[in-house]
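Report on the following structure.
The values are calculated or read from the model by the stated rules, or taken from the named source; none is laboratory data. Remember, it's a predicted structure, so these values are computed and weren't measured experimentally. Please note: Cβ atoms are built from the backbone with ideal geometry, for glycine as well, and neighbour counts cover all protein chains shown.
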Amino acid sequence: MGVVNVTPGSFSDGGRWFDAGAAVKHGLDLVAEGADLVDVGGESTRPGAPRVDEAEELRRVVPVVRDLAAEGVRVSVDTMRAAVAARAVDAGAVLVNDVSGGLADPAMVPAVAACGVPFVVMHWRGFSEGMNRRAAYGDVIAEVVAELRARIEAVVADGIPPERLVVDPGLGFAKRAEHDLALVAQLAEVCALGRPVLVAGSRKRFLGHVLADPDGTPPPAHGRDAVTAALSALAAHQGAWAVRVHDVRATADAVRVALAVASAR
Ligand code: PMM
């Protein structure tokens, strides 16, 4: 899954694809590099980010989804808003990726149920403003798995059939580096929920934390693509269904090698 952030300030590729034409071109480039899905989002979720209003999010996302879908690209829409999800599906999106797992907007789950597309349920403990305060766990694996299981049950009760759900441990969302690393190490526990698993660690803080200089300075987001490809291989090897990344080429190669190794076992 390649990422197209149509935002002025994503932490990892801030502002580069804010123009709709540039965003569409970038999505097509990601497909040429091996992406099976292109995830289009109009709201930054970096820690501390303020929310974007709905009209602005629609303005950013819908034309890009429409133009990519018209080119035959399989598009997912990264949104916490039911109205944006519904309009994006009308414009051709084939999957709704909600980092709040349906918690941010009570209309989201019924809207996705009515659209009939798959839905990504990510582990989420609240909006980006203040999420670092919620990074408190006794046993991060057990708590994330239990919270995801509860969300799956709630979403199914609200009308989306279980076979349409994808789960995501939400790396970097209300998590410190040690939590993210533990979740990758024990991805099998998330896979054991019985749904396809999406892993989105691309360029995130925990990778910068591991690679930081002795004085604690992390490499810039763009300096984290090689390690993102390594992380993608680790996730694929453990059974992830998809990995969401900014730099598709390196990850597509890494995943192919990981799958070749897995099938040679
Ligand atoms: N992370 C970001 C955005 N969307 N979607 C899913 N399913 N999982 C994630 O972990 C996730 C996401 C934030 O990263 P970005 O600013 O680099 O897009």
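Table for the structure above
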{"read-out": "Test result for ASP247, in contact (Cβ under 8 Å) with a residue 12 or more places away in the chain, within 16 Å of the ligand (Cβ to nearest atom) and within 23 Å of ARG74 (Cβ to Cβ)", "value": "yes"}
{"read-out": "Lone unmet requirement of (1) at pLDDT 85 or above; (2) over 28 Å from ARG176 (Cα atoms) for PHE18", "value": "(1)"}
{"read-out": "Residue in segment 244-263 that is under 26 Å from ARG134 (Cβ atoms) and in a helix (DSSP H, G or I) present", "value": "no"}
{"read-out": "Search result, residues across segment 209-235 that are assigned to a helix (DSSP H, G or I), out of contact with any Ser or Thr (no Cβ under 9 Å at 6 or more places or on another chain) and within 27 Å of ALA188 (Cα to Cα)", "value": "HIS209, VAL210, ALA226, VAL227, ALA230, LEU234, ALA235"}
{"read-out": "Residue that is modelled with the highest pLDDT, among those in segment 23-51 that are within 22 Å of LEU171 (Cα to Cα) and out of contact with any strand residue (DSSP E or B) (no Cβ under 9 Å at 6 or more places or on another chain)", "value": "ARG51"}
{"read-out": "Residues within segment 203-224 that are within 12 Å of the ligand (Cβ to nearest atom) and surrounded by 16 or more Cβ atoms within 10 Å (Cβ to Cβ), tallied", "value": "7"}
